[in-house]
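Where a number appears in this text, it was derived from the coordinates with a stated rule and is not lab data. This structure is a prediction, so every number in the text was calculated from the model and none was measured. Here the Cβ positions follow ideal geometry from the backbone for every residue, glycine too, while neighbour counts run over all protein chains shown.
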Amino acid sequence: MSLLKPFSKLPGLNTANIMLVENEEQFQQKLADTVVLQEKTVNVNVRLARSLPLPVENEESRPRIDLVVFIIHLTSELSFQSAETSLKYLDPGYFQGKVCFLVTNARNVSVPPERLVSVRKLAASLHCPLLCAEDQTTEGVTTAAHRLLAILKVAAGLVPMATGLYLSTLTRCTVPSGIDQQNFE
Amino acid sequence: MSSNEVTLRQESTGQPLDTESEVQDTPAPPAIPFYTECSEAAQAELFNECEAQFAQLEMLQNEIILAEPDSDENPQEQSVNRLTAVAAELKQWQTRRPELLSTNPEVLLVVGAEELQKLNSQLELVLSCAQAKRDTLRETLKSEQKWLEEKKEVLRAGTEHVVKQRLENERLSEHSVLQDTKKKIQKMKDYQNRLMETLADVLAEHFPLPTQETNADKKKKNIPQELNENLISLNEVLELLMNKTLETPHDPYVSIDETFWPPYTEMLLRHGIAQRHPEDCFKIRLETFY
C-alpha cells in the first residue's frame, strides 16, 4: 500500500501522531524533541521521515498519522522538489486539514524570492496552511513546535467543536493575485 | 497507479531513501485527582458509555475503509471533494444538538468540581500576575512622584533665583548706578587733589624762588642781577596757565610780565610744558596735553 491514508487505522486514546517529513534531516530531530517536551496533556508521537512513500515493513506498527508536516528549506531547491514528489503518496483525504508546510530560512537574503512564491502556490493549490519557522534559535523552534501542536490537536480531533477541515479553511495559504514572478524581478 | 510504480522502483534499487523512526512518547500525564471519587456504579456507567462510543467509532472506521474511494490525482476533483466535505461538515454542525456529557448527576458533580478547580487555579494565576503588575506599577508611581518632587524643587529654586536676579537688577538700575557714578567722581576728585598736592609739594621742594642767598652766590661771580621782589612762584605760574586754559579755551595765552622769573619760563618752554604765541613772543600758553 503506497498511499498514506488518514483513516485507515483506529485512533489511539488521548493520542496525537505527527509526522515530520524533511529531506535534509537537519531540523526535524530538534523540532521533534521540542514538540514532545512542549505537550503535557496529550500523548504526542512524532515520526520522522525523509520522504514519502513510507517503507511497507513498518506499515503494521505505524499508528494513524494525524498531521503530516513537510519541512522545506528555502535555501535548497532539492528540499522543495522532494516535498513535491512526496505529496503524491498522500491520500487526498489528508489535504482536508491534515497537511501543513513549514518553511525555514525565508528571511535569508541569498534565497531567491521565487522559491517562496512557488511554495506558497503549492500550499495554496492544496489548501494547506504554510508556516514560517526560524530553525537557528531555540525560541524559533519553540514557537514552531507550539504552532504545530495547535494544528495537530485539532487535526487529531482532540479539540472539541473544531475539526481539521474547519481549521484549514481558515488557515490555508492563499496567494494574492498581485504576487507573481514578475513583481520580484 | 503511478505512485505504486515509483515505490516498486525504489525498492528494486535496494535503497530505501525514507527512514522512519519513532521519537519517544511523552509519559502519560498523571490522572487529575478527582475531587470526589465516583461511586463504583457511576464509574461502571461511564465505562459502559465509553465502550459504546468506541464500538461506534470502530463501526465508523470499518465503514470508512469499505467506502474508501479511488484516489483522484486531479486537483479539480480534489477541490470538489473538499467542497463536498466542507458542505457535509457544515450540515453536521447545523443539525447537531448539544448533548449532555452524562446523565449521571454524580459524574456531572465530579466533572463540574474539576472544572471549577481548574478555573480556580487559573484565576489564582491571574490574581498573582495582576498583583505583581500592581506592585510594579506602584513602584513606578512612587519613583515618578519622587521625580516630580525633585522637579518641583528645581522649579521653585529656579523661580526664586529669577526673582532675586530681577530685584537686584532693578536696584542696580535706579540707585546703585547713581551711587557708583558718585563714587567714581569722588575717586577722580581725590585722585586729582592728590596729584595737585604732589605737584605742589614737588614744585615747592625743587623749584624755589630765587632768594638773597642764591643771589649772593651769583654775585660772587660778579653777575649783577636785579631781584624783583614781586616774582611769583612756579606753582603760581602753572596755576595761571591752567586756569587760563580752562576758563578761556579759545584764548589760552598768558602775557609774560616781570613777575615771571625768566629761567622758569624758559624751562617750561624747553620741556614742552608751555608754548609761545606764534606771533607774540611775550605770550605763552599751556601745551595742549588733552
Candidates B:Gln92, B:Gln78, filtered to the one that is under 29 Å from A:Ala123 (Cα atoms), of a type in the set (S, T, N, Q) and either at the interface with another protein chain (Cβ under 9 Å from one of its Cβ atoms) or touching a Leu at 6+ places or on another chain (Cβ under 6 Å) (or both): B:Gln78
All helices (runs of 4 or more DSSP H) inside region A:92-185 with 1 or more residues being under 25 Å from A:Ser8 (Cα atoms) and among the aromatic types (Phe, Trp, Tyr): A:164-171
Test: residue in region A:39-52 that is over 25 Å from A:Thr142 (Cβ atoms), of a type outside the set (D, E, K, R) and crowded, with 17+ Cβ neighbours inside 10 Å: yes
Residue in region A:12-38 that is nearest to the other protein chains (Cβ to nearest Cβ), counting only those that are surrounded by 18 or more Cβ atoms within 10 Å (Cβ to Cβ) and part of a loop (DSSP other than H, G, I, E, B): A:Asn23
All positions within region B:255-272 that are surrounded by 15 or more Cβ atoms within 10 Å (Cβ to Cβ) and assigned to a loop (DSSP other than H, G, I, E, B): B:Ile256, B:Phe260, B:Trp261
Per-region count, region A:54-98, residues more than 25 Å from A:Arg115 (Cβ to Cβ) and away from chain B (no Cβ under 12 Å): 2
